[in-house]
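> Before we start, here is the structure in question, set down as structure tokens.
The values are calculated or read from the model by the stated rules, or taken from the named source; none is laboratory data. Being a predicted model, the structure only gives us computed values, none of them experimental. Note that we place each Cβ from the backbone using ideal geometry, even for glycine, and neighbour counts take in every protein chain shown. All accessible areas refer to the heavy atoms of the entire protein, side chains included, with ligands and DNA or RNA removed. Shrake-Rupley method; radii C 1.70, N 1.55, O 1.52, S 1.80 Å.
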Protein chains: 2
Amino acid sequence: MKILGIDPGLDRTGLGCIDVGVQRPRLMGMECITTSPRQPLPARLHALHDGLRAVVRGWTPDVVVLESLYAHYRHPTTAILMGHARGVICQVAASCNVVLVEYLPTRVKKAVVGHGHARKDQVQGMVTALLQLSQRPEPNDIADALALALCHAHVLEHDQSAVVRQPLPARLRPYMRRRRPVITKGRR
Amino acid sequence: MKILGIDPGLDRTGLGCIDVGVQRPRLMGMECITTSPRQPLPARLHALHDGLRAVVRGWTPDVVVLESLYAHYRHPTTAILMGHARGVICQVAASCNVVLVEYLPTRVKKAVVGHGHARKDQVQGMVTALLQLSQRPEPNDIADALALALCHAHVLEHDQSAVVRQPLPARLRPYMRRRRPVITKGRR
């Protein structure tokens, strides 16, 4: 099974794909799509759309993993712009007919490091160790994307019951209460 | 010149297109793209993407008009989800090579009604009168979209100097200071 983790952003979107079979997770590929702040917003989103589509078609993942939306964004305005990138990513997943899964940041940290409030460098260190990489993935966005993919691999291995197939609610409040990941299926 | 106003939303996206020539603005078409909250988020965004693409290709507008992002959203979480829809709209504009213009809500109200804090029903009434419609456009999202298009028509007619061609900044703060609309050009 090929799992593609994505850490969305307008400046940088980190992508990390792992292959999970009978053996331990193996790195398939990692990439970072960057767009210039000097470009107009539509052009940046279009570049992200095309770049992501090429990656999804090349790596043919079975599932895309994103961080869930949560209520306590420090910078709401930046969060709205991140929402622009996230919207494009969700649309590409649906157009490529790839399942989308979401996990809260604490869930990802707990799966990868062992506790939900691990520091960024701890996550990066564990990603490097788990995938037996020669050095830490750079930039951080790629490490975060790989952590998302590893979290889903961990859930598949240890906690199958936690994967609930149900549509994502339109409103955000349920995200805050939910403890379990939600799988959404792109349009056929 | 054909101007397409868009009022983005995950539940309902209002679209209103007007034609501005030597005579007064004339209604070309109005539509509302709705998606069901029961569908997964990616499927909803994909439906919006496809619906919008069909509309843009059918009406072939010269310019797309959106409401600028502003900092004081009452519900930040809903605003992030609206950002998902807005991201898809910006991407479609770029992929169809249509210019994107943005105006603050107060600017739109001032152009259509005469003052920046007009009520919703006043905006709807003026849209109905200016376009000589037999009844108020329903739902409200369409009226808001037509108001955006009429605002741009007003600026083109009365305030050419206000249309500045420059790329949109990545961060949001400049939006708050800006008094003038910004035109962004989709990728060629």
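> List every residue whose amide H lies under 5 Å from the amide H of A:Met28, counting only residues 5 or more places away in sequence or on a different chain, with H placed 1.01 Å from N in the peptide plane.
A:Cys17, A:Ile18, A:Asp19
> To one decimal in nm, how far is A:His115 from the same spot in the other copies, if labels go 7 Å from Cα toward Cβ? Please give the shortest first.
From this label point to the equivalent ones elsewhere in the assembly: 5.9 nm.
> What list of ³J(HN,Hα) couplings, whole Hz, do you get for segment B:89-96 from phi and the Karplus terms 6.51, -1.76, 1.60, once you set θ to phi - 60° and write x for glycine and proline?
5, 4, 5, 5, 4, 5, 5, 8
> Then there is this: Chains A and B: what accessible area do they bury, summed, in square angstrom to the nearest 100, with a 1.4 Å probe?
3500
> State, to one decimal in nm and shortest first, how far the label point of A:His75 sits from each corresponding label point in the other identical copies (label point: 7 angstrom along Cα-to-Cβ).
Counterpart label points of A:His75 in the remaining copies fall at 2.6 nm.
> Along Cα→Cβ at 7 Å, what distances in nm separate the B:Arg38 label point from those on the other copies, shortest first?
Computed spacing set for this position: 5.1 nm.
> Then there's this: On the protein heavy atoms, probe 1.4 angstrom, tell me the percent of accessible surface of segment A:102-141 carried by carbon and sulfur.
50
> List the trypsin sites (Lys or Arg not before Pro) within segment A:1-79 that fall in a DSSP loop (any state other than H, G, I, E or B) and whose Cβ has at most 11 other Cβ atoms within 10 Å.
A:Arg38, A:Arg74
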